[in-house]
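Only one structure is covered here, and it is reproduced in the block below.
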Amino acid sequence: MSLIHVKIDISGIVQGVGFRPFIHKLAMRHGLSGFVKNTTFGVEIELSGIPDAVSDFIRDLKKDSPPLAFIDSINVEVLPFPADFSGFSIIPSSADNDKTALVSPDIAICEDCLAELFDPENRRYRFPFINCTNCGPRFTIIKDVPYDRAETTMSGFSMCELCRDEYSDVENRRYHAQPDCCESCGPALFFCGADGQKIRGDAIKTAKQYLLDHKIIAIKGLGGIHLACLPDRDTALSLRFLKHRDEKPFALMCKDLDTAKKLCIISKDEERLLESPMRPIVLLKKRADSLEHISENGYLGIMLPYTPVHYLIFDGGIIDTLIMTSANIADLPICFKNDDAVRSLAGIADGFLLHDRDIFTRCDDSLVWCFDKKEYPVRRSRGYVPFPVKVSKNVGPILACGAEQKASFALSKGSFVFPSQHIGDLKNAETLKHYEEQILHFEKLFDINPKLIACDLHPDYFSSVYADEKSSELCVPLVKIQHHHAHMASCMADNNLSSPCIGIIWDGAGYGEDGTTWGGEFLVGDLSQFSRMGSIRPIALPGGDLAVKEIYRIGLSLLRDAGISSHDIFDHETRDVIFKMLDSGFNCPRSSSIGRLFDGVCAILSLRETVSYEGQGAIILESIASETDKLYPVSFYAQDGIDIIDFRDMIRGIVSDISHGTENSVISAKFMNTLVESAVHVCASLRKKAGLSDVVLSGGVFQNMYMLKRLIKKLSDIGFSVHHHSRVSTNDEGICLGQVMIANEMGWL
Ligand code: ZN
Ligand code: ZN
Ligand code: FE
């Protein structure tokens, strides 16, 4: 039979993930000769063999590729001349630089390494830094590309002979595993007391003893340092007190899936996410109203162990669940350096489980819901970043600077957008510095020199100020993009949509084109333009920003607007002052925000007078809601060509329910049903006007699963195609993706 000669080009994450050895084995298995090498774009393969074997090879290539590999494209070309190969070999890479190759995220320890970790016969028995080609740190230890040990924080550890043999052996599962090491040549784990002085002895054993003594310890992980302690009430409350974290839920790390199942109801899809190599924190429904000191709402954020150190701590079965929260004070970025940790966590941590492999890049744990069988990200970070979002358009070299509170940025090139990890709130100087450093790091890592910069329309966002400076410094144009249009474009890109659609963009706050704060918007448009076609009746916020925390102010404002001037259901000692402010309009900026509407209703139900973090009012209402289909009345009016939802009848209905003793759980559900129903009403009217039936949902409000599920169901029932996020977050973290897509449409590149 005649032989064919083919050339196969593969792009994607195919370097540093065991791809060439995989190709080598696959070629041998199919009796093919030829070679494989790394190139600028990925890998290049040439093969010679019988046609059937070649097509089987290509089939298996797609099916069985290594767990960390991501194949973006495969291009097969049949060469017209015969080849003369003797066997199959891995040949050196082309000399040009490898900068377009993708960088892998950090990956949880794999099954093979885990088995070796607990195998007394293995030379890496209980070695806390065991890893292989399929697992271990990547993004957080890489200083530059090409991905090579010398460009990682492992550069200071030179391999022993045994490790080097494994590293150079193509048949070995540690072939070219850059962080490979062992007890004799790798980093060391150690335990320090509160004063930062090393304590002699087995570090893991000491750490476990501290934990069992109800102490709080710092544990160095992949992308930063955690504060860990037992999840009992007293220990958790002292951690809250020390960390200035009054109410925001803590994440838990459970020893295994069975332990997690005792705390939460977990579906098959949620199990899959928990156990995925990305190991995100998954938000799960609590089994019972318990662990209030961990999470005051109906959900717990749980993750499974992902480093060898975590497994060693849980080994032995005495500890099965730990609070694992980022080691930082209030809004500062997560600690990731040993000396900083000892200094800044003094007075919080009783001990430190550290090691001498540096973390180069901070990367917090990712946080996701499981929705529609997939991730629904709340925070896309460790395990996912710097994996790109592939978009269906070609995008130029753009830097999108994101928003402010849940800051993130994105750089783009080709068909890829690279959103950054979670950065945090830019209002503090440390976080802003981290943000600026990461932009430079990403530019270097992916070899992108931005020719266009995009930022939010908000003039005072630190990201906008940064964008302004950077654009003058680089002499490249700056595009300012309206916040909700960016949300809409983000969800469109997340779903590879580009033709006109309806966007329901509901969030806490975004700077509107008219200079007021928007947040309950219905947009019609595409990636290049939009019209604001619907919104809600603006809510006056007595005291401005103060009302965002002191939500009783919003409650009073909603009551006043609905003509309820005094009642004995919800009241506050400042009522008369606030009513006076409202009547005069003094320091009462107006906002069409759904987030603020949630806050106000939360206050009217006397659930809270103040909140301590953004979105808390909405989370409380969602967590108490019961199942009902009942609704409140609403009305609609048109203003300047915009359909406005008027919720005053609903507020009157809520007050009447309270006075009739209706349960808060029922009122909360009726309230959310009313929001859903009014959105459906506006969409139906926009469909008549604009003839569109694709709807995208974006904005922080859609972190509310009750609303998300119901709205998708109701809209789908009447023939809309409804699209939601799955690759980037629905909150402001996801905005950078939309900014890239809109800026790219400007036609300036
Ligand atoms: Zn492994
Ligand atoms: Zn070694
Ligand atoms: Fe937003």
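Within segment 265-306, how many residues turn out to be more than 19 Å from residue 377 (Cβ to Cβ), without any contact (Cβ under 8 Å) to a residue 40 or more places away in the chain and buried (at least 18 other Cβ atoms within 10 Å of the Cβ)?
1
Please indicate, with yes or no, whether at least one residue in segment 55-65 is over 29 Å from residue 111 (Cα atoms) and either of a type outside the set (Val, Ile, Thr) or buried (at least 21 other Cβ atoms within 10 Å of the Cβ) (or both).
yes
I'm trying to understand the selection: among the residues of segment 255-264, which are under 28 Å from residue 241 (Cα atoms) and either among the basic types (Lys, Arg) or free of Cβ contacts under 8 Å to residues at least 12 places away in the same chain (or both)?
255, 262
Residues checked against (1) at pLDDT below 95; (2) of a type in the set (A, V, I, L, M, F, W, C); (3) in a loop (DSSP other than H, G, I, E, B):
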position	(1), (2), (3)
259	no, no, no
272	no, no, no
279	no, no, yes
282	no, yes, no
288	yes, yes, yes
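Out of (1) touching a helix residue (DSSP H, G or I) at 6+ places or on another chain (Cβ under 8 Å); (2) away from ligand 2 (no atom under 16 Å from the Cβ); (3) closer than 29 Å to residue 280 by Cβ, the odd one out for residue 196 is which?
Exception for residue 196: condition (3).
Just to verify a result, which residue in segment 48-71, among those that are among the polar types (S, T, N, Q) and either assigned to a helix (DSSP H, G or I) or farther than 15 Å from residue 6 by Cβ (or both), is modelled with the highest pLDDT?
55
For residue 362, work out the one condition from (1) outside any loop (DSSP other than H, G, I, E, B); (2) touching a Gly at 6+ places or on another chain (Cβ under 6 Å) it doesn't fulfil.
The number of the failed condition is (1).
Among (1) at pLDDT below 95; (2) away from ligand 2 (no atom under 14 Å from the Cβ); (3) surrounded by fewer than 23 Cβ atoms within 10 Å (Cβ to Cβ), there is one condition residue 135 misses while meeting the rest; what is its number?
Residue 135 satisfies all of (1) at pLDDT below 95; (2) away from ligand 2 (no atom under 14 Å from the Cβ); (3) surrounded by fewer than 23 Cβ atoms within 10 Å (Cβ to Cβ) except (3).
Under 8 Å between Cβ atoms, which residue pairs at least 6 apart in sequence (or on different chains) link something in segment 1-16 that is within 13 Å of residue 104 (Cα to Cα) with a partner that is among the aromatic types (Phe, Trp, Tyr) and assigned to a strand (DSSP E or B)?
12/70; 13/70; 14/70
Restricting to segment 182-193, count the residues that are farther than 16 Å from residue 359 by Cβ, within 16 Å of ligand 2 (Cβ to nearest atom) and in contact with a helix residue (DSSP H, G or I) (Cβ under 6 Å, 6 or more places away or on another chain).
Here the count works out to 2.
Evaluate the following for residue 584: is it at negative phi and either out of contact with any helix residue (DSSP H, G or I) (no Cβ under 8 Å at 6 or more places or on another chain) or not assigned by TED's automatic domain parsing to the domain that holds residue 654 (or both)?
yes
Show me the helices (runs of 4 or more DSSP H) entirely contained within segment 628-724 in which 2 or more residues are of a type in the set (Gly, Ala, Ser).
Counting at least 2 such residues, we get 648-659, 664-690.
Would you pick out the residues in segment 609-627 that are charged (D, E, K, R) and either in a helix (DSSP H, G or I) or in the same structural domain as residue 296 (by TED's automatic domain parsing) (or both)?
622
Taking interchain pairs and intrachain pairs at least six residues apart, which have beta carbon atoms under 7 angstrom, with the first residue in segment 77-95 and closer than 18 Å to residue 9 by Cα and the second modelled with pLDDT under 85 and in a strand (DSSP E or B)?
Every condition considered, the pairs that remain are 93/38.
Which condition from (1) closer than 24 Å to residue 359 by Cα; (2) in contact (Cβ under 8 Å) with a residue 60 or more places away in the chain is the one that residue 337 breaks?
Against the list (1) closer than 24 Å to residue 359 by Cα; (2) in contact (Cβ under 8 Å) with a residue 60 or more places away in the chain, residue 337 comes up short only on (2).
Output the number of the condition that residue 241 fails; it satisfies all remaining conditions of (1) modelled with pLDDT of 95 or more; (2) assigned to a helix (DSSP H, G or I).
Answer for residue 241: the failing condition is (1).
Name the single residue that is farthest from the chain's Cα centre (by Cα) among those in segment 727-747 being closer than 21 Å to residue 701 by Cβ and either of a type in the set (Gly, Ala, Ser) or at pLDDT below 95 (or both).
Looking at residues that are closer than 21 Å to residue 701 by Cβ and either of a type in the set (Gly, Ala, Ser) or at pLDDT below 95 (or both), I get 738.
Among the residues of segment 546-567, are any surrounded by 23 or more Cβ atoms within 10 Å (Cβ to Cβ), modelled with pLDDT of 95 or more and within 15 Å of ligand 3 (Cβ to nearest atom)?
no
Does segment 726-739 hold any residues that are within 16 Å of ligand 3 (Cβ to nearest atom) and either in contact with a helix residue (DSSP H, G or I) (Cβ under 7 Å, 6 or more places away or on another chain) or part of a helix (DSSP H, G or I) (or both), and which are they?
Within segment 726-739, 728, 730, 731, 732, 733, 734, 735, 736, 737, 738, 739 qualify.
Taking into account only those residues within segment 510-524 that are assigned to a strand (DSSP E or B) and either buried (at least 24 other Cβ atoms within 10 Å of the Cβ) or free of Cβ contacts under 8 Å to residues at least 24 places away in the same chain (or both), which is nearest to ligand 1 (Cβ to nearest atom)?
Filtering segment 510-524 for residues that are assigned to a strand (DSSP E or B) and either buried (at least 24 other Cβ atoms within 10 Å of the Cβ) or free of Cβ contacts under 8 Å to residues at least 24 places away in the same chain (or both), the one nearest to ligand 1 (Cβ to nearest atom) comes out as 510.
The values are calculated or read from the model by the stated rules, or taken from the named source; none is laboratory data. Keep in mind the model is a prediction, meaning the values are calculated, not measured. Ideal geometry is used to build each Cβ from the backbone, glycine not excepted, and the neighbour counts take in all protein chains shown.
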